[in-house]
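Q: Below is one structure. I have some questions about it.
The values are calculated or read from the model by the stated rules, or taken from the named source; none is laboratory data. Being a predicted model, the structure only gives us computed values, none of them experimental. Note: ideal-geometry Cβ built from the backbone for every residue, glycine included; neighbour counts use all protein chains shown.
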Amino acid sequence: MPVDPSTAFRVLVGNSDAPNGSEPRLGGQLRERAIWVDESVCIGCRYCSHVATNTFVIEPLLGRSRVIRQNGDSTDLVQEAVDTCPVDCIHWVPFEDLDRLREELELMEIQPLGFPPKKSNRLKKRRNI
């Protein structure tokens, strides 16, 4: 029995609420809010990356937590990571704010954890007269 090749181009019309494999987690729903780590406040304790391993990672150069996948873990697991943060640097924010927050973070001069701070160019050594 020959197969009609045009069947590959037929598309069902209408919105289906059934899982289609395009969701972040198969069968899951998109969250209403995104998770954000304020790296300027993070102390690199690693609690969040141990609790929600598919959502948070420790950035290797700065030693601070960073979100790598918005829907990597369940909402309850991510909320547990938020609750375990000792400095409250993990926040639920609107998805629309992520680009602005990322730009603000890039403008900051964040020092790597565990290294002495860089010398500021603003301060000059005093000369003894």
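Q: Criterion first (modelled with pLDDT under 90 and assigned to a helix (DSSP H, G or I)) does E80 satisfy it?
A: no
Q: Do we find a residue being modelled with pLDDT of 90 or more, out of contact with any Ser or Thr (no Cβ under 8 Å at 6 or more places or on another chain), exposed (fewer than 13 other Cβ atoms within 10 Å of the Cβ) and assigned to a loop (DSSP other than H, G, I, E, B) anywhere in the stretch 105-128?
A: Checked against the condition, which is being modelled with pLDDT of 90 or more, out of contact with any Ser or Thr (no Cβ under 8 Å at 6 or more places or on another chain), exposed (fewer than 13 other Cβ atoms within 10 Å of the Cβ) and assigned to a loop (DSSP other than H, G, I, E, B), the stretch 105-128 yields no hits at all.
Q: How many residues are out of contact with any helix residue (DSSP H, G or I) (no Cβ under 9 Å at 6 or more places or on another chain) and within 13 Å of V37 (Cβ to Cβ) if we restrict to the stretch 90-103?
A: Residues of the stretch 90-103 out of contact with any helix residue (DSSP H, G or I) (no Cβ under 9 Å at 6 or more places or on another chain): 94-103.
Checking which are within 13 Å of V37 (Cβ to Cβ) leaves us with 98, 101-102.
Here the count works out to 3.
Q: Select from the stretch 41-62 the residues that are within 14 Å of the chain's Cα centre (by Cα) and small (G, A, S) and write down the one among them that is surrounded by the most Cβ atoms within 10 Å (Cβ to Cβ).
A: Checked the stretch 41-62; the qualifying residue surrounded by the most Cβ atoms within 10 Å (Cβ to Cβ) is A52.
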